[in-house]
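One structure is given below, encoded as structure tokens.
The values are calculated or read from the model by the stated rules, or taken from the named source; none is laboratory data. The structure displayed is predicted, hence computed values, not measured ones. Reconstructed Cβ throughout: ideal geometry from the backbone, glycine too, with neighbour counts over all protein chains shown. We work out accessible area using only protein heavy atoms, side chains counted, and drop any ligands, DNA or RNA first. Shrake-Rupley method; radii C 1.70, N 1.55, O 1.52, S 1.80 Å.
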Amino acid sequence: MNPIFKDSIQSEEQLRELLGYPSPLVMKKTITYLDEHCKRFIESSPMLFISTADRLGACDVSPRGDQSGFVQILGDKHLVIPERPGNRKLDSILNILENPHIGILFVIPQLEETLRINGIATVIKDKAILERMKAFDKEPLVAIGVEVEECYIHCAKAFKRSKLWQPDSWPSSEHLPNAAKILAAHTASQEEDIAASLKETYEKRLY
């Protein structure tokens with residue numbers, strides 16, 4: 001037993017006793033393909049989060065963002081997410097090579113509901129597909145192809161509780177965490193060097 005967490009749930013039966021069961025509506029809302037509503041949601045989304053795990057189950061969640069419509073929809077069962085330049089750790093990509101299961105959360109600014117998709121992912125380099133995902137004349141070298149297995153709308157409660165889209169609830173800029181300061185502390189580097197590197201990356205290497 002974890003010495004910090006001394007009273008834990010050990011079975012679904014215990015969990016259901018506390019939290020209950022989903023409503024008939026919730027049980028019916030999952031579909032296994034992309035209908036016109038899901039396609040419109042994806043086409044309107046400039047931001048998504050992908051969840052992957054390696055063969056041992058170690059998990060990772062990573063953001064992907066671009067102009068609305070950056071995710072390609074291929075029929076009713078497949079979509080493709082371009083892999084833009086990043087830090088080259090390739091956590092999501094390497095996980096997919098070991099374990100193809102993927103979860104995706106699509107977000108649209110101001111909309112409090114999100115779209116959740118679960119499926120099977122493949123790292124692809126199909127030229128015909130990659131060419132269609134060019135940005136600023138730069139073509140991604142690889143992409144994540146997904147075969148949709150589950151698709152459903154997630155309710156707005158988390159966004160309502162967090163007030164994420166309400167500017168009057170946002171902290172002032174001077175109270176925000178400083179990425180350069182955090183990275184400098186974590187890597188034993190100089191904050192000014194990290195800040196300069198981030199600035200160069202954001203201005204010159206987005207694509």
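What is the log10 of I(q)/I(0) for region 1-94, computed with the Debye formula using one identical point scatterer on each Cα and no solvent, at q = 0.16, 0.20 Å⁻¹? Once normalised to I(0) and log-transformed, intensities are -0.97, -1.08. Rolling a 1.4 Å probe over the heavy atoms of the protein chains gives the chain an accessible area of 70 Å² per residue. Using Cα pairs closer than 8 Å and at least 6 residues apart in sequence, work out the relative contact order for the chain, in percent. Computed over the chain, the figure is 19 percent. All C-alpha pair distances within region 93-207, sorted into 10 Å bins from zero, spread as 11, 21, 30, 34, 4 percent across the bins. Carbon-plus-sulfur accessible fraction, the chain (probe radius 1.4 Å, protein heavy atoms only): 56%. Using a cut-off of 23 Å between Cα atoms, the listed pairs K28/K157; K77/K160; K134/K181 include K77/K160; K134/K181 as exceeding that distance. Each label was represented as a point 7 Å from its Cα along the Cα-to-Cβ direction; for E12 and S197 these points are 4.6 nm apart. Placing a label point 7 Å from the Cα of E149 along the Cα-to-Cβ direction, the residues of region 1-41 with a backbone N closer than 19 Å are 27-35.
When peptides 148-160, 169-181 are sorted by average Cβ neighbour count within 10 Å, with the highest value leading, the order is 148-160, 169-181.
When you have a sec, figure out the Kirkwood radius of region 66-150 from all distinct Cα pair distances and drop it here in Å to one decimal? It is 13.7 Å.
Roughly how many debye, to the nearest 20, is the charge dipole of the chain about its Cα centre, given +1 on each Lys and Arg Cβ, -1 on each Asp and Glu Cβ, and no other charges?
200
Fully extending the segment from K157 to N118 would add 12.0 nm, taking 0.36 nm per residue of separation and subtracting the current Cα-Cα distance. Here each label is just a point 7 Å from Cα along the line to Cβ, and for E131 and D76 those points are 2.9 nm apart.
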